[in-house]
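The values are calculated or read from the model by the stated rules, or taken from the named source; none is laboratory data. Values in this document were obtained by computation on a predicted structure and should not be read as measured data. FYI the Cβ positions are ideal-geometry reconstructions off the backbone, even for glycines, and counts take in every protein chain you see. These accessible areas exclude ligands, DNA and RNA; they are computed on the full protein's heavy atoms, side chains included. Shrake-Rupley method; radii C 1.70, N 1.55, O 1.52, S 1.80 Å.
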Amino acid sequence: MSYKISLQIQHDTHHRFREIHSRLNEGDRISLAKALGENLTDIACEIIEQVFGQIARMSTSSDHESEKIIQQIIETTRKYMPWSVSFFGNDRLIPLVNYLYDMTHEIEGEYYVRYPVERNLAVELLSYVQEIKSGNSYYVFPALKAFTAVVEQGVNQLVRQPKQLLKFNVVVDKTLNGVIHLTTQLGYKRFDKLGSLYDVHTISQYFEHFLVFLEDEVKQTSAV
């Protein structure tokens with residue numbers, strides 16, 4: 001059985017991406033770097049918001065630290081994503097949009113970006129979450145570690161691998177690697193802290209929210 005994370009994107013955002021994809025592959029001579037940068041930024045922020053924004057709003061922390069971190073990640077994305085794409089002509093952007101196009105899917109009139117998750121990792125996470133739902137707090141930290149690994153697989157497939165396709169020069173590549181490292185570590189450290197901030201019942205609600213995005217092979221087959 002295989003597992004995937006399915007992340008919804010808005011109709012208008014998807015329509016703009018499809019239009020840019022078509023124009024690039026048809027050899028449009030008008031520069032599309034700006035339009036693509038803005039579109040990819042919208043896609044990224046929609047994904048961040050639907051997964052982590054809801055988790056942040058569920059937080060009962062009086063200092064709203066989770067919300068502040070998610071906002072910082074979104075602001076950083078909006079700053080660097082358009083900038084990074086702006087360096088390239090249309091020909092250099094084609095491998096990137098084709099890669100991302102292959103990761104988008106329509107299911108019952110809705111549009112999703114999907115990435116595969118290693119089966120062993122998904123099964124491990126699901127087993128931990130089941131223990132947490134039963135009130136076993138021992139599995140909170142192992143579950144958070146597995147959750148972070150699932151997110152990291154998404155970062156690899158949706159951020160790092162597409163970045164490699166653009167073949168940045170050394171200076172820009174180093175800058176972007178630093179930005180990616182900073183933003184991911186902000187999130188991962190917050191995940192770790194959740195286990196010490198909340199009781200097992202509250203943590204269970206967080207995982208229930210996230211597991212909505214995890215699909216197994218049976219769900220995927222029935223959706224086709």
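Report, by residue number, each residue of region 112-123 that is part of a strand (DSSP E or B) and open to solvent by 40 Å² or more (accessible area, probe 1.4 Å).
Across region 112-123, the qualifying residues are 112, 116.
How about region 153-174: which of its residues are part of a helix (DSSP H, G or I), open to solvent by 50 Å² or more (accessible area, probe 1.4 Å) and in contact (Cβ under 8 Å) with a residue 12 or more places away in the chain?
Of everything in region 153-174, those that are part of a helix (DSSP H, G or I), open to solvent by 50 Å² or more (accessible area, probe 1.4 Å) and in contact (Cβ under 8 Å) with a residue 12 or more places away in the chain turn out to be 159, 160, 161, 165.
Among the residues of region 77-94, is there at least one that is polar (S, T, N, Q), part of a helix (DSSP H, G or I) and open to solvent by 40 Å² or more (accessible area, probe 1.4 Å)?
no
Where the second residue is open to solvent by less than 40 Å² (accessible area, probe 1.4 Å) and not in a helix (DSSP H, G or I) and the first is in contact (Cβ under 8 Å) with a residue 60 or more places away in the chain and lies in region 75-102, which pairs have Cβ atoms under 6 Å and are six or more apart or on separate chains?
90/32
Which of the residues spanning region 124-144 are surrounded by fewer than 19 Cβ atoms within 10 Å (Cβ to Cβ) and either in a strand (DSSP E or B) or touching a residue at least 24 places away in the same chain (Cβ under 8 Å) (or both)?
126, 133, 135, 136, 137, 141 - these are the residues of region 124-144 that are surrounded by fewer than 19 Cβ atoms within 10 Å (Cβ to Cβ) and either in a strand (DSSP E or B) or touching a residue at least 24 places away in the same chain (Cβ under 8 Å) (or both).
Residues in region 37-53: is at least one open to solvent by less than 70 Å² (accessible area, probe 1.4 Å), modelled with pLDDT under 95, aromatic (Phe, Trp, Tyr) and under 14 Å from the mean Cα position of the chain (by Cα)?
yes
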